[in-house]
Amino acid sequence: MPYAVDHQFLDLIKEIRSSSSENILAALKSKFAKIPQQWQQVMENYFAKYTFWGALNVAANQYEVLANRARALSEHWADFLWLYEKLADYRSRYALFAFVNNWYAFDFQTLSNAKERLYKDYFDPDIMKCDENEVLVDLGAFIGSTVINYINTYTAKYKRIYCYEITPQTFAALRHNLQGLNNIVFCPKGASDQNGVMYLSENAGDTSANILTAGGLLAVPTVTIDEDIQEPVTFIKMDIEGAEQKALLGCAMQIRNNKPKLALSVYHNNEDIWKIARLIEEICPGYDFYLRYHGENLIPTEMTLLAVYQS
C-alpha cells in the first residue's frame, strides 16, 4: 500500500503538470513575496554568491532562479516522477519530495525534516559497503574532508584513493591535510568527458565553488577518469560544481566494466537532480538509486545521489 509521501508526491506532480511554466512562475513570485523578508534576503544573497541557478533580486526585478525552476518543473515533471519511482527507499523518496516541494511551494519544514543526521555526506554504510579493496576516486577532493570522513566511516579500509582538485591553494592544503596516509594519489586536474585544458574561474566568496571555463589565466588540465586511471575503480565520488555530467561521461567505461559505487552531487544546476540518474541508467542499467540530503532548509543544496549496482 502506498505511504503518505507517495500520495503527497503524486498530488504535487499532478498539480505541476496541469500548470504552464508561466503560471508556475507567477505562483512562485507570489509565494516568494509572502515569506519573511529576512529569509528573502538570505536567499538573494546566496544566489548572488553562487550563480549556478541564476539571479534573484526583487529590487532589480530579477527572477531568473524562479523562472528556471518553473521551466524545469513544467518541462520535466515526468523525469521527476521517473526518479521518484526508481528510488530504492523512502528516505530517498521523502528527500525528493522535499526538494521539489521547496522549489514549488517554498516548503522549508519538509526540507529540514529530510536532512540526514546520522551519516556524513557521500557515505551511508547501510547501502555503501566498503572494504580493504576499495579504489576510491574523489573528484572535488577540496582540502581532504571527504577522505577523512571515508576513513572515519569505514575504519581506514581502502586499497588506494585518487584525489582530484583544480585550485592550487586548495590542492596544497589537500596534500598537507592527508600527508602521512598511505596510497593516496594526488591529481591537480579536472575531470571531464575529454582530455584537454580549461581555465580556473574563481568564486570571490568561496574557493570550494571554483569552476573550470573555456577561457582565463590559469590553465588546468582536464582528463577522463577512464584514461587517467588504469586500475579498476570501485567507488566514485563527485562534487565538482556543475561539471558532474561531463565527468560522469568520462567514467563511462569504468562504470560499465567495474560497476563502482557512485556518490554524486546533484544540485549544482536545475537539471542534475534527475538527469544524472538518467545518464547512469543509459551508461549501465541495473543501478539502485538513493538520495541523501545534507543541506539547510531554505535552499535545497547538498543533495547527493547514491548509486549501487545490483549484484
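Okay, here's what the table says:
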{"item": "When residues of segment 138-148 are limited to those that are on the phi < 0 side of the Ramachandran plot and part of a loop (DSSP other than H, G, I, E, B), the one farthest from the chain's Cα centre (by Cα)", "result": "143"}
{"item": "Residue selected from segment 69-106 under the condition outside any helix (DSSP H, G or I) and either more than 16 Å from the chain's Cα centre (by Cα) or modelled with pLDDT under 95 (or both), by the criterion farthest from residue 276 (Cα to Cα)", "result": "106"}
{"item": "Neighbours by Cβ (under 6 Å, 6+ apart or cross-chain): first from segment 167-186, within 13 Å of residue 210 (Cβ to Cβ); second open to solvent by less than 60 Å² (accessible area, probe 1.4 Å) and of a type outside the set (Gly, Ala, Ser)", "result": "167/210; 171/165"}
{"item": "Among (1) in contact with a Gly (Cβ under 8 Å, 6 or more places away or on another chain); (2) open to solvent by less than 30 Å² (accessible area, probe 1.4 Å), the one test that residue 115 misses", "result": "(2)"}
{"item": "Filter result for the condition that a residue is within 29 Å of residue 213 (Cα to Cα), crowded, with 16+ Cβ neighbours inside 10 Å and hydrophobic (A, V, I, L, M, F, W, C), over 9, 52, 32", "result": "52"}
{"item": "Residues that are free of Cβ contacts under 8 Å to residues at least 60 places away in the same chain and closer than 13 Å to residue 307 by Cβ, drawn from segment 266-280", "result": "266, 276, 279, 280"}
{"item": "Subset of segment 1-37 (residues that are assigned to a helix (DSSP H, G or I) and either on the phi > 0 side of the Ramachandran plot or among the β-branched types (Val, Ile, Thr) (or both))", "result": "5, 13, 16, 24"}
{"item": "Qualifying residue in segment 56-66 (condition: out of contact with any Gly (no Cβ under 9 Å at 6 or more places or on another chain) and open to solvent by less than 30 Å² (accessible area, probe 1.4 Å))", "result": "yes"}
{"item": "Criterion: basic (Lys, Arg), out of contact with any strand residue (DSSP E or B) (no Cβ under 7 Å at 6 or more places or on another chain) and without any contact (Cβ under 8 Å) to a residue 24 or more places away in the chain - qualifying residue of 71, 117, 91", "result": "117"}
{"item": "Number of positions in segment 112-134 that are over 16 Å from the mean Cα position of the chain (by Cα) and of a type outside the set (Asp, Glu)", "result": "11"}
{"item": "Residue check, residue 97 buried (at least 20 other Cβ atoms within 10 Å of the Cβ), touching a Ser or Thr at 6+ places or on another chain (Cβ under 8 Å) and not aliphatic (A, V, I, L, M)", "result": "yes"}
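The values are calculated or read from the model by the stated rules, or taken from the named source; none is laboratory data. Everything numeric here is computed off the predicted structure, so don't read it as measured data. So basically every Cβ, Gly included, is an ideal-geometry build from the backbone, and we count neighbours across all protein chains shown. Quick note on the areas: whole protein, heavy atoms, side chains included, nothing else; ligands and nucleic acids left out. Shrake-Rupley method; radii C 1.70, N 1.55, O 1.52, S 1.80 Å.
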